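This report refers to the structure that appears directly beneath it.
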Amino acid sequence: MSFRSEPSWLLLVISLPTPSAAARMRVWRALKALGCMALRDGAYLLPADKTREDALLGIARDCIHEGGAAWLVGAQPHSTENEQAWRGLFDRSNDYADLRMAWKDASRSLAALGPAELARLQRKLRRDFEAVRAIDFFPSDASVEAEVALDELAKRIQSVLSPDEPKEIDARIPRLLKERYLGKIWATRRKLWIDRVASAWLILRFIDPQATFVWLSQPAELPKGVLGFDFDGAAFTHVGDRVTFETLMASFDLEEDPALVRLAALVHHLDVGGEPVPEAAGFEAVMTGARARLDDDDALLSEMSSMLDSLYVHFQRAPVRAGL
């Protein structure tokens, strides 16, 4: 279906037989997921675009299939006041406020949750926010403020999952020769999480194959002469917007490896947020389960190294997706 002119709005008018309770619920859920607003019973408004037009046509066909009637028309507001009134129907400020209230409640229980529960919570919070943003057709400051609040909550969740997470520093990353870093002792915080386990794997596979590791209860326990990574004051840590894995890559001239670059995007996303990576959820799920199952960090590194080896090969072979 196409309109001869370019309407700025779409209006779907529907009716369904009275006995069709299941159909009514199905149609209502579909309209809600699209972000439609009701002008009156059976009349639903959306800002126009081709994707929404196709979705509304699908709902119209569903109504007709159920024995009802449906009309989809393009609409233009009669005046600027009408336009503003219609746009006002789609103000999502209250939705964002509800999300922020729910996040505030969730933040009070973080300390009582285990790693798997925290990981599930973090994914749910992001899904809830994206669901509102997907139907926020006229974004306002409320959207920006909610995203900032969500990022802050994500950092609090990460601080529970990984205490003593390093603060980023503003520094130049020097280029180092791998030959001078062979057979070293490396140390990071115990109870490995995403950036630390990936960094340890990177050290073993690409920097120092003879590396041995010390797992610290506290960064202050770092022995003299041992190379620290992923904690404040360590030789290798968060620099600017780079997580430790990326700092190590830059330090040892590994940024020309496309598969490592893609793996770094996954680590960055899981450690501090940013552009989603499709494989990240699976890696996080395995890491969460392994961390809950294995108390020994050497065993945890060994198990996750196999997965990182496989992901590295996958990234060598799989086509690069848009945005990576």
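Per-residue 3J(HN,Hα) values for the range 212-228, derived from phi via the Karplus relation 6.51 cos²θ - 1.76 cosθ + 1.60 with θ = phi - 60°, read 10, 10, 10, 9, 9, 6, 9, x, 5, 7, 4, x, 5, x, 9, 7, x Hz in sequence order (x marks Gly and Pro). Taken one residue at a time, the phi angles of the range 193-199 give Karplus couplings (6.51, -1.76, 1.60, θ = phi - 60°) of 10, 3, 5, 5, 5, 5, 5 Hz. Gly and Pro are set to x. Taking Ala200, Ala146, Ala48 in turn, the Gaussian network model of the chain (Cα-Cα springs below 10 Å) assigns the largest fluctuation to Ala48. Spatial offset of the range 79-111 relative to the range 245-324 amounts to 35 Å, using the alpha carbon center of each. Considering only beta bridges that DSSP places wholly inside the chain, some 65 percent are antiparallel. Computed over the range 89-233, the alpha-carbon pair-distance distribution with 10 angstrom bins reads 10, 30, 25, 20, 12, 3, 0, each value a whole percent.
In this calculation the C-beta distance from Met37 to Glu179 is compared with R0 = 56 Å, giving a FRET efficiency of 0.30. Which percent of the accessible heavy-atom area of the chain goes to carbon and sulfur, probe 1.4 angstrom? Whole-percent figure for carbon plus sulfur exposure: 53. Per residue, the chain exposes 54 Å² of accessible surface when a 1.4 Å probe is rolled over the protein heavy atoms with every protein chain present.
Too long at a 27 Å Cα-Cα cut-off: which of Lys104/Lys167; Lys124/Lys191; Lys191/Lys224; Lys32/Lys155; Lys32/Lys124; Lys155/Lys224? In this structure, Lys32/Lys155; Lys155/Lys224 exceed 27 Å between Cα atoms. Remark on the range 220-268: hydrodynamic radius 11.5 angstrom, per the Kirkwood mean of 1/r across alpha carbon pairs. Across the range 245-324, Cα-Cα distances exceeding 21 Å account for 31% of all pairs.
Please work out the FRET efficiency for the pair Asp49 and Val73, using the Cβ-Cβ distance as r and a Förster radius of 25 Å; give the result to the nearest 0.05. Working from the Cβ atoms, E equals 0.95.
Backbone geometry of the range 98-105 corresponds, through the Karplus equation with coefficients 6.51, -1.76 and 1.60 at θ = phi - 60°, to 3J(HN,Hα) couplings of 5, 4, 5, 5, 5, 5, 4, 5 Hz, x marking Gly and Pro. In plain terms, the C-alpha convex hull of the chain casts an average shadow of 22.0 nm² when viewed from every direction. Expressed in units of 2.2 N^0.38 Å, where N is the residue count, the Cα radius of gyration of the range 121-163 is 1.28. The value obtained for the range 265-310, namely the Cα convex hull volume divided by the number of residues, is 73 Å³ per residue. Here is how the number arises for the chain: DSSP H runs of 4 or more residues each give -39500 (n - 2.57), the sum is divided by the residue count, and the result at 222 nm is -16500 deg cm²/dmol.
The values are calculated or read from the model by the stated rules, or taken from the named source; none is laboratory data. Computed from a prediction, not measured in an experiment: that's the story for all the values here. Cβ: placed from backbone, ideal geometry, glycine included. Neighbour counts: every protein chain shown. Ligands, DNA and RNA are excluded from the accessible area calculation, which covers all protein heavy atoms including side chains. Shrake-Rupley method; radii C 1.70, N 1.55, O 1.52, S 1.80 Å.
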